[in-house]
Every structure is written in C-alpha cells, then in structure tokens.
Amino acid sequence: MREYVAAGHSVVVETDAGGGIGATDDNYRKAGATILDSAHEVFASSEMIVKVKEPQPSEWTQLRENQILFTYLHLAPDPEQAKGLLNSECTAIAYETVTDAHGGLPLLAPMSEVAGRLAIEAAGSALKRYTGGRGLLIGGVPGVQPARIVVIGGGVVGTHAARMAVGLGGEVSIIDRSIPRLRELDELFGGRVRTRFSTIDSVEDEVLAADVVIGAVLVAGASAPKLVSRGMLSSMRKGAVIVDVAIDQGGCFETSHPTTHAD
C-alpha cells in the first residue's frame, strides 16, 4: 500500500477489507489509502483491481476494457470464470502463473509453503477417531507405529508437507515423476523419506498402504492430472485421510470437488 502511494498512485480500499487479517480502515488510511463504502465503488473508480481470490460472477460484470485485474485465478477447472473475464475485456494477470527468470513461481510459492504445512495439520486432525479417522497420531507413540503418509508431488507444497510430517515423526513417502527432483529430495531429507518414481503401480501401492495421502500435484496453468482413481480410493484403509491441495486446479483425486472447512 505505502509503496503504491510513494510511487505516486492513488489507492482506494473497500471498507473492512482487512478485517480478516486484523487491519482496520484506519491502518489503510495511515498508509495513504482512501476508504470506499463498497466493492462496487472500488471497481468503478480503479484502473487496477488487486484481490486475493478469484473474482466472483457478480464481479466479472463490473470489470471493463483497459482495466487490470491482479489476483489468483486458477482458470483451468473454471471455464465459466474464463468466459466471464474474456467478456469483460479486462487484462487479467494470475499470481499463480507469474514466473521469474529461472522459471519459478515466486507469487505462488509462499502460498504453497503455507498450504503444504497446513495439509499435515488438517490430516492430523482428521486422523482422530472422533472425526472418523483411524485413531492415529502422525508420530505414533512408543510401542505404536507412526502414521504412514504419502505425498504425491515433490514441489513446494509436497516438500513442505513432507517436512512437517517428518518433523512430527511420520513415516513419509514422496512420489514424483522427476528423477532429478527425487534425488534432490533424498539429499534434502537425508534419507528420512522414501522416494518413488510416479507410475500407476507405485501410486496404487503407496495409496492403498497409506494412512494419509497428500495431493500436491501442480501443472502450471493447467488442470491437475487425476492420479488417484475412484477405484484406488475405495480400496484405501477405513478412516484413512486424503488432503487434495491441488483442488484449486481441479484436484488430483478423481472424486475431489471444492467444499468448505465447515463441510
């Protein structure tokens, strides 16, 4: 905010926009912003719209030609949003497809780090018996084996999920289709995780023996491949947990669909 203002831009913010992170309207005013009463006023008066999540249908119609939208879009599994943005004739830039000089995804990476770590926290909660899980602790206890955790995808999400799981004492396998990446992971974890090349057989072997499966597959700008079939899921251990972090791109489990934390 202050950087935009210092560069000579005028910035408007919808009232209470920062409520979820504990930032008040006064915080934004002190940074040089003008507070407006509604999102509609922000859309109508701005040349660039900065959001966090993808625009909702009611927002597509407020966008216009020569206006820039800068946010996460995740268009691959959402053709209706893609059509809405095309019809608006705005310029839409997706955080998750911005690349750096080395081909990395610098705007997606921090969110992926958070998601990978949270995936293990979510799995640990879902493993508890009273939530319908197998009644396991990720790290086990003396005399009881730890949870067996399979991470599909060795990118940023998968690496941070594995780091959390290993730190809690879980028994961790990482599946990836890149042998060079598997070598890096083997070195990074000092042999504390099993690494397996991704094939139908290896995915099936690991998924059927798992207490937790983390879907951490990313194909930048495209739908995630469905690597875990309905048949594999139906043959998993009763009370096993799946966490599909690839859901923004359609999910990598055949039966996945977006829902809420409450559901």
Query - Per-selection metrics, the stretch 109-249 (Cα): Rg and Dmax in Å - result: 13.9, 46
Report task. Work out from phi, with θ = phi - 60° and the Karplus expression 6.51 cos²θ - 1.76 cosθ + 1.60, the ³J(HN,Hα) of each residue of the stretch 247-263, listed in order in whole Hz, and give x for Gly and Pro. Result -> 4, 4, 9, x, x, 10, 9, 4, 9, 5, 8, x, 8, 10, 5, 6, 10
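Using only DSSP helix segments of four residues or longer, with each worth -39500 (n - 2.57), what per-residue ellipticity at 222 nm results for the chain after dividing by its residue count and rounding to 500?
Numbers: 10 runs with 87 residues, N = 263.
Rounded to the nearest 500, it is -9000 deg cm²/dmol.
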Query raised in the report: What's the center-to-center distance, using Cα atoms, between the stretch 33-88 and the stretch 101-123 in Å?
Result: 24 Å
Query raised in the report: Rounded if a/c is under 1.5, else prolate if a/b beats b/c, else oblate: with a ≥ b ≥ c from the C-alpha gyration tensor eigenvalues square-rooted, which is the stretch 1-114?
Result: oblate
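Pull up the DSSP beta bridges for the chain and report the antiparallel fraction as a percent, rounded to 5.
On the way: 1 of 29 bridges.
Here the antiparallel bridges make up roughly 5 percent for the chain.
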Query raised in the report: How much net charge surrounds Ile200 when only the other residues with a Cβ under 15 Å from the Cβ of Ile200 are counted, with Lys and Arg +1 and Asp and Glu -1?
Result: -2
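In whole percent, what relative contact order does the stretch 54-209 give with Cα contacts below 8 Å and a gap of six or more residues?
Value for the stretch 54-209: 14 percent.
When you count, for each residue, the other Cβ atoms within 10 Å and take the mean per peptide, how do 187-195, 152-160, 216-224 rank with the highest first?
Values: 187-195: 14.2, 152-160: 24.6, 216-224: 19.0.
By packing density, highest mean first, the sequence is 152-160, 216-224, 187-195.
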Query raised in the report: Any idea how far the Cα center of the stretch 187-205 sits from the one of the stretch 208-239, in Å?
Result: 14 Å
Query raised in the report: What distance in nm separates the simple spin-label points at Thr255 and Leu208, each placed 7 Å from Cα in the Cβ direction?
Result: 1.7 nm
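All of the numbers you see were taken from the coordinates with simple rules; none came from a lab. Fair warning: this is a prediction, and the values are worked out from it, not measured in the lab. Counting neighbours? That spans all protein chains shown, and the Cβs are built from the backbone with ideal geometry, glycine included.
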